[in-house]
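This report refers to the structure that appears directly beneath it.
The values are calculated or read from the model by the stated rules, or taken from the named source; none is laboratory data. Remember, it's a predicted structure, so these values are computed and weren't measured experimentally. Quick reminder, even Gly has a Cβ in these numbers, built from the backbone with ideal geometry, and neighbours come from all protein chains shown.
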Amino acid sequence: MTTNETRRAILESLGDGPVSGPQLADSLDISRAAVWKQIDALRDAGFEIESGPGGYELTDVTAYNAPAIEYGLEAAVSLEYHDSIGSTNDRARELAAEGATDVAVLADEQVGGRGRLERAWSAPSGGVWLSLLTRPEITPAQAPLYTLAASVATARAAREAGVDARIKWPNDVVVPVDEDGDYRKLAGILTEMEGEMDRVEWIAVGIGVNANIDAADLPETATTIREEAGDVDRRRFVQRLLEELAEYRTDLEGVVPAWRELALTLGQRVRVDRPSGELVGDAVDITDSGALVVKTADGNETVAAGDCEHL
Ligand code: BTN
């Protein structure tokens, strides 16, 4: 067994209640000294393990790192955690080039965070900065549904944290500030992929959530979970996010109805910047592939991609 496998096996045994050092040593076929050493390492990694009369007992998990997030995670994803990194999307691209899949790259801080349309993305310590690399069997035309799924998963996790999170087409997670469709941005998604006309080779969904950050440290148009509802347990938040996303991998057709339920854009007067020019009208729906349906004086138009502004 590798060290990581031993640690996982110890955590699994502790999940069933207190267990003694000798019992652990016997069941894992390692020495008592090795058990003691691994328990110590787990404590250092943020697992609160008490030693009582019944043996070792796991009482809490306080850390935000790969082993802590992997513990109790119900999604088949491995994790790579960095205290600080340039951009988790850049790291996911590197891993893709090495042939990896089903990996989530996470960081406490990004010093070269990237947003859509080559904008910089401010990503100080305390946020949730995550890129999920997968190799789904989908066509490039279905890829936007992955991005919508990420916005639904993020909005749901934020709502569980007590934030009135909604979605602005296509995939900004925002918090309304009034009844007129005005909002502050809580999270953004940057999806990157490689593939051929009829097959996606890999897709990296980058999700940036302004979590435990002072809103004053971000642009004025942004808000944070701290500002809206108080600090969130980032470990639980990321677990919920990855679990929700994993569900949509097998239920891509469930994404659009879920998106509609959380949409702030539908019913709004909008201006959409498309490569072919600006379009102004009422946002009435999205299609099965996630395109926005805009009602104009000349009839309905669908917009597959673009920047959207609520008027
Ligand atoms: C946007 O709204 O413009 C998209 C922002 C995406 C930010 C996330 S943070 C994690 C991942 N790494 C990056 O460099 N960008 C994405």
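Structure values in brief
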{"read-out": "Residue list for the range 273-301, restricted to those being within 16 Å of D172 (Cβ to Cβ) and either at pLDDT 95 or above or acidic (D, E) (or both)", "value": "D273, A283, I286, L292"}
{"read-out": "Hits in the range 260-301 - residues which are within 19 Å of Y146 (Cα to Cα) and hydroxyl-bearing (S, T, Y)", "value": "T265, T287, S289"}
{"read-out": "Flag if E94 is free of Cβ contacts under 8 Å to residues at least 12 places away in the same chain, surrounded by fewer than 17 Cβ atoms within 10 Å (Cβ to Cβ) and more than 23 Å from A216 (Cα to Cα)", "value": "yes"}
{"read-out": "Conditions (1) assigned by TED's automatic domain parsing to the domain that holds V177; (2) more than 20 Å from N171 (Cβ to Cβ); (3) without any contact (Cβ under 8 Å) to a residue 60 or more places away in the chain; (4) not acidic (D, E): number failed by Q239", "value": "(3)"}
{"read-out": "Hits in the range 160-188 (condition: in contact (Cβ under 8 Å) with a residue 60 or more places away in the chain, under 18 Å from I286 (Cα atoms) and either of a type outside the set (V, I, T) or near the ligand (Cβ under 9 Å from one of its atoms) (or both))", "value": "R166, K168, W169, P170, G181"}
{"read-out": "Members of the range 120-147 found to be within 16 Å of the ligand (Cβ to nearest atom) and part of a loop (DSSP other than H, G, I, E, B), listed by number", "value": "W121, S122, P124, S125, G126, G127"}
{"read-out": "From the options L73, L14, residue that is away from the ligand (no atom under 16 Å from the Cβ) and under 19 Å from S131 (Cα atoms)", "value": "L73"}
{"read-out": "Every residue from the range 189-227 that is within 16 Å of the ligand (Cβ to nearest atom) and assigned to a loop (DSSP other than H, G, I, E, B)", "value": "N210, A211, N212, I213, L218, P219, E220, T221, T223, T224"}
{"read-out": "Checking I39 against (1) out of contact with any Pro (no Cβ under 6 Å at 6 or more places or on another chain); (2) surrounded by fewer than 18 Cβ atoms within 10 Å (Cβ to Cβ), the condition it does not meet", "value": "(2)"}
{"read-out": "Failed criterion for H82 (all others in (1) modelled with pLDDT under 95; (2) within 13 Å of the ligand (Cβ to nearest atom) hold)", "value": "(1)"}
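For every residue, the table says whether it meets (1) in contact with a Cys (Cβ under 6 Å, 6 or more places away or on another chain); (2) within 30 Å of G15 (Cα to Cα); (3) acidic (D, E).
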| position | (1), (2), (3) |
| --- | --- |
| T62 | no, yes, no |
| A66 | no, yes, no |
| L79 | no, yes, no |
| R91 | no, no, no |
| E94 | no, no, yes |
| V103 | no, yes, no |
| R114 | no, no, no |
| A120 | no, no, no |
| L145 | no, no, no |
